[in-house]
Amino acid sequence: MATFNTQLQTIGFAYDWMTGTGYRKIDGFCFTARVDVNAKMYTVNVSCAVPTEESARILNDGLRQYAEQHKKTVKSAFYDGRHISLCYQNKDLVMNIAEGVREAVDVSMYYIQQLGARPICRKCHQVRDTDLYAVEKMVTALCPDCFLTEQQKMEGHTAAESIVTENVPLGLLGALLGGLGGAVLWVLFYLLGKIVIVAGALAAMASYFLYKVFAKRMSKKGVFLSLGIGLVVLLAGMYFAIGVDVFQEFQRAAYPISFSEAFDIVPEYISWNLGVVLFNNIFGLITYLAGAGICLAQFYTDNKTKNRAVRLTGTTL
Ligand SMILES: [Zn+2]
């Protein structure tokens, strides 16, 4: 089955993965199709201005009627004076996206031609020649002037951001606290029923998140430091949990030993019961790796979309 981006390609739309948006310029009008996979929804948008209030009313009435006639798939369709917006909701999103987007374009173009609408810039709302740009986490129709302003704003942003230095020591403290939170949960779960599955992922994500909050900035170094600390604290928690377990077993065997003796025995205990220890801890460690993977993915997408300002359509300048 074709994925929605290849489906969009069949109707001449390109697709921007960073924002989940399909886009195409048709007769000077910039169309976007924003896909929300989780909600099984997509919204087709085009910025345009109609000449009179009467034509705005005709357009709105026409769109509402269209939505009424296609209740099963069309969630909403309206013109707010600046954009035509058609929202589709489908249980089978991937199957029908090309069909739905094509229909939305046809409906929009019909009214655009009938009413003599003109393309407008999404930001300044003036009737201008527009192109599609990816600005941070959005794909937007902008006039060249507004894009320049956005680009300059972005550069100012980047400059301001590089002034904020990463506070590594505070970040490490944050990571330590996050890791501790995960480790405490790990010990509790372990002693209650030896189910440590979620604690691993929580330790990774809490270490990463609190590092970012405390250090005020996240670099590649910060990612590895925070996840490394999270893992070390977690392993310490694991050791502690096994120690308590050993202590309790000796209590039960009516051969009480002290806490420190129990912790001294842990390495030996692990080598005797390697299979059991591995089984009790392996799932938590796997979810730690999964949590770390999520953090890494988050870090890379954040950095790719942040400060992004690129032109997607239009003739070369
Ligand atoms: Zn503009």
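Quick one: compute the contact order of the chain, relative version, from alpha carbon pairs under 8 angstrom and 6+ residues apart, as a percent.
It rounds to 17 percent for the chain.
Per DSSP H run of at least 4 residues, take -39500 (n - 2.57); add these up for the chain, divide by its residues and hand me the 222 nm value, nearest 500 deg cm²/dmol.
-21000 deg cm²/dmol
Which lysines have a Cα less than 16 Å from the Cα of K221, not counting those fewer than 8 places away in the same chain?
K212
Rounded to the nearest 0.05, what FRET efficiency do M154 and I282 have when you use their Cβ-Cβ distance and R0 = 35 Å?
0.20
About the Cα centre of the chain, what is the dipole size in debye to 20, counting +1 per Lys and Arg Cβ and -1 per Asp and Glu Cβ, all else neutral?
Dipole about the Cα centre, nearest 20: 500 debye.
Pull up the cross-link candidates among the lysines for K40, meaning alpha carbon to alpha carbon under 23 Å and not fewer than 8 places away within one chain.
Within the straight-line limit of under 23 Å, K40 reaches these lysines: K71, K72, K75, K91, K137.
How far apart, in nanometres, would the label points at Q298 and K216 be if each is projected 7 angstrom from Cα along the Cα-to-Cβ direction?
With each label point 7 Å from Cα toward Cβ, the separation is 2.1 nm.
Rank the residues C48, C124 as a footprinting-exposure proxy: fewest other Cβ atoms within 10 Å of their Cβ go first.
On the way: C48 23, C124 12.
The fewest-first ordering by Cβ neighbours comes to C124, C48.
To the nearest 20 debye, what charge dipole does the stretch 4-158 have about its Cα centre, counting +1 at the Cβ of each Lys and Arg and -1 at the Cβ of each Asp and Glu?
That gives the stretch 4-158 a dipole magnitude of about 320 debye.
Using modelled backbone amide H atoms (1.01 Å from N, in-plane), which distant-in-sequence or interchain residues come within less than 5 Å of A49's amide H?
R118, I120
Report the calculated FRET efficiency for H125 and Q65 (r = Cβ-Cβ distance, R0 = 25 Å), to the nearest 0.05.
Efficiency for this residue pair is about 0.45.
Fewest first, what order do I282, I112 take by the number of other Cβ atoms within 10 Å?
I282, I112
How would you rank 60-69, 218-227, highest first, on the average number of other Cβ atoms within 10 Å across their residues?
Output ranking for 60-69, 218-227: 218-227, 60-69.
Assign one of three labels to the stretch 4-158, namely rounded, prolate or oblate, based on the Cα gyration tensor with a ≥ b ≥ c the square roots of its eigenvalues; rounded applies when a/c is under 1.5, prolate when it is not and a/b is larger than b/c, and oblate otherwise. Please report the intermediate quantities before stating the final value.
Numbers: a/c = 1.99, a/b = 1.13, b/c = 1.76.
It comes out oblate by the Cα gyration axes.
Compute the distance from the alpha-carbon center of the stretch 122-164 to that of the stretch 220-255, in whole Å.
After rounding, the separation between the Cα centres reads 49 Å.
Could you name the lysines in cross-link range of K216, using Cα to Cα under 17 Å and dropping any fewer than eight places away on the same chain?
K306
For helix 168-193, report the angle its Cα long axis makes with the longest principal axis of the Cα atoms of the chain; keep it between 0 and 90° and round to the nearest 10°.
Tilt relative to the chain: about 70 degrees.
Place a point 7 Å from Cα of V164 in the direction of its Cβ. Which residues in the stretch 286-311 have their backbone N less than 20 Å from it?
Flagged as within label range: 295-309.
Throughout, read-outs are computed from the coordinates displayed, never taken from laboratory work. Since this is a predicted model, take the numbers as computed values, not measurements. Every residue, glycine among them, receives a Cβ derived from its backbone with ideal geometry; neighbour counts consider all protein chains shown.
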